[in-house]
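K.L.:
Please read through the structure below; I'll follow up with questions.
The values are calculated or read from the model by the stated rules, or taken from the named source; none is laboratory data. Here the structure is a predicted model, which is why all the values come from computation and not from measurement. Glycine gets a Cβ as well: all are built from the backbone with ideal geometry, and neighbour counts include every protein chain shown.
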Amino acid sequence: MKKETVRSWVILISLAILLVAGLLITGSFAFKAALIFLAALVLISGIMAYVSSKELEIWVTAPATMEKGEEHTGKIVIKNKGYVPALNIKGEIKAINQLTGEEALKTFKTKGVSRGITETDISFSSVRCGYIRLSPGNMYSCDWFGIFRFPVRGKMQEKTISVLPETFVPDIHIQVPAVFADDADVWSQVKKGNDITEIFALREYVPGDKLSTIHWKLSGKRNELIVKEPSLPVEKSVLLFWDKNSGDGGPDGADAMAEVVSSVAQRLSEEEVLFTFGWTEGSTMSMEEIEYKDDLLDAIPRMIKTGKDKDGDPGWRMLKDSGKYGHFSKVVYFSSDITEFEPFCGGQNIFLICGDMGPGDDIAGRTYFYAPGDYKEVLKDIEL
């Protein structure tokens, strides 16, 4: 904006010099009238810009979600509450991807905003997934020439856009054993499972039910066959955990990891495998139990709201300190670095690392290395 202001000053001063020179050389009244008109126009339009700046409110409308790489159109909405037209409005909108850390600055300009509401189109796009936060930058009401500018008081409120990950379909061989919760004390309240020691629900017998599931005592009392449906233990299940704080894969790495995590989670959900979905969120971590597909659809937008916290603890340390690590029979761990948490590697844990394999990083065949450009090919075949 400063360059435009300087350019406007140069043009105006150059025009004024030409008019003065013409007046001095010819003495013509036309040059004198033109010079007076130019000065009056600058002064009047400057006053109008000052007055209108106090009566303007600006906000943006944008889609709540959008797809990667596709351009979506939003609106810059300008409301002029006064009677003085805003001759020339210039503004900036800052766009920050909170997952990848990328920042961009979009500018807009519009002319002739009279009393009422005026809308102008503005386009948004992102080549990487994440949570885009739109916030107001500098916004000015300017004179007709753009040499005077006055800050607009009624600036826009922040707006957010979720750019969801593009999932792919890996060929995952799910080796999650049926879990019987001999030592668990928490069971799902909404989904049946395979733990016959705990009753999820009672229902009438239908042909095909196993005799071992019949509740004989209750059936005798009701004089009809009643079947016991087994419960699903929440503990001793699978944890998918994305450690955003370890390593630094950059914007491309964060984008690739988001798509890998989402794709693996989606496949488990399709196979009706109960799992817990976890990720680092700054200096804390979030854990969501995924019972149904809708649970996953709700969790993924929250997962991409934050990126790496340089001052935050690595995810493996948060897991250990929380005491929750021992609740799971298997952990599928996503990160861009493996060197920090080698002591954490053990049992049936699986590691999907966005980065190059270093010496000693191949831990008992439980680690998959991939890069932002080849993860769909490398991760075609995964055993969990």
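K.L.:
Looking for whichever is surrounded by 13 or more Cβ atoms within 10 Å (Cβ to Cβ), closer than 30 Å to residue 124 by Cβ and within 24 Å of the chain's Cα centre (by Cα) here; the options are 54, 75. Which one fits?
P.N.:
Testing whether each residue is surrounded by 13 or more Cβ atoms within 10 Å (Cβ to Cβ), closer than 30 Å to residue 124 by Cβ and within 24 Å of the chain's Cα centre (by Cα) leaves just 75.
K.L.:
Something else about it: Could you run through region 112-139 and say how many residues are outside any loop (DSSP other than H, G, I, E, B) and among the charged types (D, E, K, R)?
P.N.:
3
K.L.:
With (1) at negative phi; (2) exposed (fewer than 13 other Cβ atoms within 10 Å of the Cβ); (3) at pLDDT 80 or above as the list, and residue 112 as the residue in question, which single condition is left unmet?
P.N.:
Residue 112 satisfies all of (1) at negative phi; (2) exposed (fewer than 13 other Cβ atoms within 10 Å of the Cβ); (3) at pLDDT 80 or above except (1).
K.L.:
On to the next question. Inspect region 180-202 for any residue being modelled with pLDDT of 75 or more, under 28 Å from the mean Cα position of the chain (by Cα) and aliphatic (A, V, I, L, M) and give the result as yes or no.
P.N.:
no
K.L.:
Please determine whether any residue of region 10-17 is hydroxyl-bearing (Ser, Thr, Tyr) and at pLDDT 90 or above.
P.N.:
no
K.L.:
Now, a different point. Looking at region 243-260, which of its residues are over 18 Å from residue 167 (Cβ atoms) and assigned to a helix (DSSP H, G or I)?
P.N.:
250, 251
K.L.:
May I pose another question? So, in region 85-111, of the ones that are in a strand (DSSP E or B) and charged (D, E, K, R), which residue ends up nearest to residue 53 (Cα to Cα)?
P.N.:
Ranking the candidates gives 90 first.
K.L.:
Do any helices (runs of 4 or more DSSP H) entirely within region 261-378 hold 1 or more residues that are modelled with pLDDT of 90 or more and under 23 Å from the mean Cα position of the chain (by Cα), and if so, which?
P.N.:
Correct list: 293-303.
K.L.:
Right, here's the next one. Do you know which of the residues in region 153-172 that are at pLDDT below 90 and of a type in the set (A, V, I, L, M, F, W, C) is nearest to residue 75 (Cα to Cα)?
P.N.:
This residue is 156.
K.L.:
While we're here: Examine region 46-55 for a residue that is in contact (Cβ under 8 Å) with a residue 24 or more places away in the chain, within 30 Å of residue 155 (Cα to Cα) and not in a helix (DSSP H, G or I), and state whether such a residue exists.
P.N.:
Among the residues of region 46-55, at least one is in contact (Cβ under 8 Å) with a residue 24 or more places away in the chain, within 30 Å of residue 155 (Cα to Cα) and not in a helix (DSSP H, G or I), which makes the answer yes.
K.L.:
In this structure, does residue 20 turn out to be at pLDDT below 85 and among the β-branched types (Val, Ile, Thr)? Let's see the steps before the verdict.
P.N.:
On the way: at pLDDT below 85: yes; among the β-branched types (Val, Ile, Thr): yes.
Criteria met by residue 20.
K.L.:
Also: Does region 69-98 hold any residues that are under 23 Å from residue 250 (Cα atoms), at pLDDT 90 or above and not hydrophobic (A, V, I, L, M, F, W, C), and which are they?
P.N.:
94, 97, 98
K.L.:
Let me ask another. List every residue pair whose Cβ atoms lie under 9 Å apart, where the two residues are 6 or more positions apart in sequence or sit on different chains, the first residue falls within region 1-28 and is surrounded by 15 or more Cβ atoms within 10 Å (Cβ to Cβ) and outside any helix (DSSP H, G or I), and the second residue, located anywhere, is hydroxyl-bearing (Ser, Thr, Tyr) and at pLDDT 80 or above.
P.N.:
Final answer for the pair search is 1/107; 1/140.
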